[in-house]
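Below: one structure, written as structure tokens.
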Amino acid sequence: MAANGSMDVPEISAEWYRDVVDAAAASPHPVQWFVGHATGGVILLLGALLLMAALSRRSGGPHDRALALIAPAPALLAFAGSEWFKTVVDEDRPCRTVGRAIIAGACPPPGDWSFPSNHATVAGALAVTTLLLSRRLGLIALPLAALAAFSRVFVGLHYPHDVLAGVLFGALVAVVATPLLARPTAEVLRRRADRANSPIPKLAGRSRP
């Protein structure tokens, strides 16, 4: 284990980090440019895929429409959870402690902790939620989430275990939160539909004397 903030970093993760960032530094400039832009752009693409998956459910029954409504929630919950974990773990960024050239440009300031990766967490949550809503779009989203996670190591901002933990945590939140949030939302939509479709009783007219 390597000392790092209040957390001991697994030595194998530190070694993999060195190998990846050294390979990144030696890679052609177009590769560096692509991965450097993909690290943020893939999150936007995953969000677009989730939106498409949600829209495909809007014309269905109450459960489908509930899934469409709560689709962004797992990613938001996963992000909030990852932020909480950062304050508990306090792991310094590898770009500050390992001493390797990075292609990200600048290392985040002290106090911007490394474990888990927010990008990887959100990517995992978006990809798995998309998969739960649409198998076809989800199978596109999953490798994009893997690319988003790997890119955070490639540009030098995270250890491999940071992104692995982030992806798994985001996926877990999506798997648990999606059905838990969809059930009560579907019930609310079902009740509203029942009230809207129920006949309005007519008031009996007063009899004339």
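Between helix 11-26 and the chain there is an angle of about 80 degrees, using the helix long axis and the longest principal axis of the Cα atoms.
Rounded to the nearest 10 degrees, the inclination of helix 135-154 to the longest alpha-carbon principal axis of the chain is 30 degrees.
Relative contact order, whole percent, for the chain stands at 28, derived from Cα pairs under 8 Å and 6 or more residues apart. How are the Cα pair distances of the chain distributed, in percent, across 10 Å bins from 0? The percentages, shortest bin first, are 9, 30, 26, 16, 9, 4, 3, 2, 1, 0.
Helix-derived [θ] at 222 nm for the chain: sum -39500 (n - 2.57) over DSSP H runs of at least 4, divide by residue count, nearest 500? Don't skip to the end; give the middle numbers.
Working: 8 runs with 149 residues, N = 209.
Taking each H run of at least 4 residues, the total per residue is -24500 deg cm²/dmol.
In terms of the Cα gyration tensor, with a ≥ b ≥ c the square roots of its eigenvalues, is the range 41-100 rounded because a/c is under 1.5, prolate because a/b exceeds b/c, or oblate? It would help to have the intermediate numbers written out before the result.
Details: a/c = 7.62, a/b = 2.35, b/c = 3.24.
Here the range 41-100 falls in the oblate category.
Using θ = phi - 60° in the Karplus curve 6.51 cos²θ - 1.76 cosθ + 1.60, the 3J(HN,Hα) couplings for the range 36-43 round to x, 7, 5, 4, x, x, 5, 4 Hz; x is entered for Gly and Pro. Note that the range 117-191 presents 39 Å² accessible area per residue, ligands and nucleic acids not counted, probe 1.4 Å. Placing +1 on the Cβ of every Lys and Arg and -1 on the Cβ of every Asp and Glu, with nothing else charged, gives the chain a dipole about its Cα centre of roughly 2000 debye. The angle separating the long axis of helix 118-133 from the principal Cα axis of greatest extent in the chain is about 40 degrees.
Projecting the Cα atoms of V98, P10, A80 onto the charge dipole of the chain, computed from C-beta unit charges around the Cα centre, puts A80 farthest toward the positive end.
Around S134, with a cut-off of 13 angstrom between Cβ atoms, what is the net charge of the other residues, counting Lys and Arg +1 and Asp and Glu -1? The partial results should precede the final answer.
On the way: positive: R57, R58, R135, R136; negative: D64.
It works out to a net charge of +3.
Expressed as a whole percent, the accessible surface of the chain that belongs to carbon and sulfur atoms is 66, based on a 1.4 Å probe. Remark: the range 11-51 carries 55 Å² of accessible area per residue (probe radius 1.4 Å; ligands, DNA and RNA excluded).
The values are calculated or read from the model by the stated rules, or taken from the named source; none is laboratory data. Only a predicted model underlies this, so the values are computations on that prediction, with no experimental measurement involved. Here Cβ is always computed from backbone atoms with ideal geometry, including for glycine, and neighbour counts include all displayed protein chains. Quick note on the areas: whole protein, heavy atoms, side chains included, nothing else; ligands and nucleic acids left out. Shrake-Rupley method; radii C 1.70, N 1.55, O 1.52, S 1.80 Å.
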